[in-house]
Amino acid sequence: MQELSTTSPPAHQSADPLAWLDAELAALTAREQRRTLYPLDGPPGPEVTIAGCPYLLLASNNYLGLADDPRVVDAATDALRHYGASSAASRLVSGTTRLHAELEEALAAWKGAEACVVFSSGYLANVGTIAALVGPDDVVFSDQLNHASIIDGARLSRARVVVYRHGDVEHLAALLAAHPARRRLIVTDSVFSMDGDLAPLPALCELAERHGAMLMVDEAHATGVLGPAGSGAVAHLGVQGRVPILMGTLSKALGAVGGFVAGSARLVEYLRHRARGFVFDTALAPPAAGAALAAVGIAQREEWRRARLRALAGRLRAALTAQGYQLLPSETPILPVLVGANRSALRLAAALRERGVWVPAIRPPTVPEGTARLRVTLMATYQDTHLEQAIAAFAAARAALAEEPT
């Protein structure tokens, strides 16, 4: 029997195969891109406790304030008691409940589509759908500022990925003319999460139709916020019925978790067989499905929430601009306060924390180099006093930083 060696590894072989991580983490620190996870105690409402301290939260995608709405919480609780905490299997095995079917029907009707398929996350919805629609013989045309889940889906599809300049329809048209393929997919966010601006959807529809390309629109940050009854930016911009592949999430304005794709019945049937993020993933947990179903109804009925968001965003934008901050153009409750350098963004975020306002610095690789920012987001459930607190904190932070040495 051969004895196990007790000698040290050769000199060229590291004793710790993960030792390289130390240098990578140090590089993140040097570039001021190291992040920290802070414990949140309670739901993501206007007022929160983070790491034991009270803050006004200006950094949540809970746009309609539904994450802790009693009706949404009660629906999740009822589903939890009836179906349990987990689906425990893929939808194709034993993971589909009545709630899943009702949720898909409600989302399809809301989006003006024939059918809908729900995934356990928005990330999986994008990755699974893109990889199911295109492959090595195909081309994906992707907006420069698309969400990471779109980028990853395009990469995993093994299709050729062609990136067009952000919102540049003429650039996209030239690329479409230059890249024939078996199948071609144009994919874009409708609301860009870090900038808050809208994609030129009417022009994209025209291009897709002219070139015979598929068009997929990610409505993650538009669902519940824009359009008639909150149905999204596609309806808001008047192109409902012209976008064959509509993706959205349940985790932002709807206050739950999960993702979905709506479209024709044949599209949905195909995705149920070919989207790996659906076929091989445990189904959305029943409490999340119950919460989302209740939230869809509330979001459609309560128009005051969208009106409140628009009013709050207009007031805060005007106030911060008057104070001298540079805000990117936005028609949504996403207000990017552009700072530039990572260190400057971190200093501003820290100054706001000292004044009881939580809005972290957004840095590369989430945004391009040199465009670090504070991504301010609003909730319909803010009171006027919350807005006044935010405005006062930004003013005080700007004055304090102006007195500090750079």
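The values are calculated or read from the model by the stated rules, or taken from the named source; none is laboratory data. Just so it is clear, the structure is predicted and the values come from calculations on it, not from any experiment. Don't worry about glycine lacking a Cβ; one is built from the backbone with ideal geometry, like all the others, and counts go over all protein chains shown.
For ALA345, indicate whether it is within 25 Å of GLY230 (Cα to Cα) and either hydrophobic (A, V, I, L, M, F, W, C) or free of Cβ contacts under 8 Å to residues at least 40 places away in the same chain (or both).
Numbers: within 25 Å of GLY230 (Cα to Cα): no; either hydrophobic (A, V, I, L, M, F, W, C) or free of Cβ contacts under 8 Å to residues at least 40 places away in the same chain (or both): yes.
So ALA345 fails the test.
Output yes when any residue across the range 177-197 is surrounded by 22 or more Cβ atoms within 10 Å (Cβ to Cβ) and more than 30 Å from LEU64 (Cβ to Cβ), and no when none is.
Checking the range 177-197: at least one residue is surrounded by 22 or more Cβ atoms within 10 Å (Cβ to Cβ) and more than 30 Å from LEU64 (Cβ to Cβ).
Conditions (1) at pLDDT 95 or above; (2) closer than 24 Å to ALA235 by Cβ, marked per residue:
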residue	(1), (2)
ALA51	no, no
LEU56	yes, no
ASN62	yes, yes
ASP68	yes, no
GLU114	yes, yes
VAL117	yes, yes
ALA125	yes, yes
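Kindly indicate whether THR381 is more than 14 Å from SER344 (Cβ to Cβ), in a loop (DSSP other than H, G, I, E, B) and modelled with pLDDT under 95.
Details: more than 14 Å from SER344 (Cβ to Cβ): yes; in a loop (DSSP other than H, G, I, E, B): yes; modelled with pLDDT under 95: no.
In short, no.
Working only within the range 379-406, note down all residues that are touching a residue at least 40 places away in the same chain (Cβ under 8 Å) and among the small types (Gly, Ala, Ser). Spell out how you get there, then give the answer.
Just the residues of the range 379-406 that are touching a residue at least 40 places away in the same chain (Cβ under 8 Å), to begin with: 379-383, 386-387, 389-391, 393-398, 400-401, 404.
Across the range 379-406, the qualifying residues are ALA380, ALA390, ALA393, ALA395, ALA396, ALA397, ALA400.
Condition test on LEU335, is it within 14 Å of GLY196 (Cβ to Cβ), crowded, with 18+ Cβ neighbours inside 10 Å and in contact with a Gly (Cβ under 7 Å, 6 or more places away or on another chain)?
yes
Taking the range 384-406 as the region of interest, how many residues are assigned to a helix (DSSP H, G or I) and either aliphatic (A, V, I, L, M) or farther than 29 Å from GLY224 by Cβ (or both)?
Of all residues in the range 384-406, those assigned to a helix (DSSP H, G or I) come to 384-403.
Next, from what is left, pick out any that are either aliphatic (A, V, I, L, M) or farther than 29 Å from GLY224 by Cβ (or both): 387, 390-393, 395-403.
The total comes to 14.
Residues in the range 269-315 that are closer than 24 Å to GLU114 by Cβ and over 22 Å from the mean Cα position of the chain (by Cα): how many?
Within the range 269-315, residues that are closer than 24 Å to GLU114 by Cβ and over 22 Å from the mean Cα position of the chain (by Cα) number 7.
Only residues that are buried (at least 20 other Cβ atoms within 10 Å of the Cβ) and under 13 Å from TYR63 (Cβ atoms): list them for the range 299-320, please.
Kept after step one, since they are buried (at least 20 other Cβ atoms within 10 Å of the Cβ), are these residues of the range 299-320: 299, 305-306, 309, 312-313, 316, 320.
Answer for the range 299-320, where residues must be buried (at least 20 other Cβ atoms within 10 Å of the Cβ) and under 13 Å from TYR63 (Cβ atoms): ALA299, ARG305, ARG306, LEU309, LEU312, ALA313.
Tell me, which helices (runs of 4 or more DSSP H) wholly within the range 139-211 include 1 or more residues that are β-branched (Val, Ile, Thr)?
Values: elements: 148-157, 169-178, 201-211.
Where helices (runs of 4 or more DSSP H) fall fully within the range 139-211 and carry at least 1 residues being β-branched (Val, Ile, Thr), they are 148-157, 169-178.
PRO364 - would you say it is surrounded by fewer than 19 Cβ atoms within 10 Å (Cβ to Cβ), free of Cβ contacts under 8 Å to residues at least 24 places away in the same chain, within 23 Å of THR188 (Cα to Cα) and of a type outside the set (Gly, Ala, Ser)?
Values: surrounded by fewer than 19 Cβ atoms within 10 Å (Cβ to Cβ): yes; free of Cβ contacts under 8 Å to residues at least 24 places away in the same chain: no; within 23 Å of THR188 (Cα to Cα): yes; of a type outside the set (Gly, Ala, Ser): yes.
Against the criterion (surrounded by fewer than 19 Cβ atoms within 10 Å (Cβ to Cβ), free of Cβ contacts under 8 Å to residues at least 24 places away in the same chain, within 23 Å of THR188 (Cα to Cα) and of a type outside the set (Gly, Ala, Ser)), PRO364 does not qualify.
Rundown of residues vs (1) out of contact with any helix residue (DSSP H, G or I) (no Cβ under 6 Å at 6 or more places or on another chain); (2) without any contact (Cβ under 8 Å) to a residue 12 or more places away in the chain; (3) not aliphatic (A, V, I, L, M), yes/no style:
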| site | (1), (2), (3) |
| --- | --- |
| ALA288 | yes, no, no |
| VAL296 | no, no, no |
| ALA318 | yes, yes, no |
| PRO336 | yes, no, yes |
| ARG353 | yes, no, yes |
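Could you check VAL169 against (1) of a type in the set (A, V, I, L, M, F, W, C); (2) closer than 24 Å to VAL296 by Cβ; (3) touching a helix residue (DSSP H, G or I) at 6+ places or on another chain (Cβ under 6 Å) and say which number it fails?
(2)
Identify, from the list ASP143, ASP69, ASP152, ASP137, the residue that is closer than 29 Å to ARG182 by Cβ, crowded, with 20+ Cβ neighbours inside 10 Å and not aliphatic (A, V, I, L, M). Step through it out loud before you land on a result.
Details: ASP69 fails: closer than 29 Å to ARG182 by Cβ; ASP152 fails: crowded, with 20+ Cβ neighbours inside 10 Å; ASP137 fails: crowded, with 20+ Cβ neighbours inside 10 Å.
Unique residue meeting the criteria: ASP143.
Tell me, yes or no, whether the range 234-243 has at least one residue that is under 15 Å from TRP110 (Cβ atoms), in contact with a strand residue (DSSP E or B) (Cβ under 7 Å, 6 or more places away or on another chain) and at pLDDT 95 or above.
The first filter runs over the range 234-243 and keeps only residues under 15 Å from TRP110 (Cβ atoms), leaving 234-236, 240-241, 243.
Subset that is in contact with a strand residue (DSSP E or B) (Cβ under 7 Å, 6 or more places away or on another chain): 234, 243.
From what's left, at pLDDT 95 or above: 234, 243.
Among the residues of the range 234-243, at least one is under 15 Å from TRP110 (Cβ atoms), in contact with a strand residue (DSSP E or B) (Cβ under 7 Å, 6 or more places away or on another chain) and at pLDDT 95 or above, which makes the answer yes.
Considering ALA88, ALA76, which residue is assigned to a helix (DSSP H, G or I) and more than 26 Å from ALA313 (Cβ to Cβ)? Steps first, answer last, please.
Working: ALA88 fails: assigned to a helix (DSSP H, G or I).
Only one candidate qualifies: ALA76.
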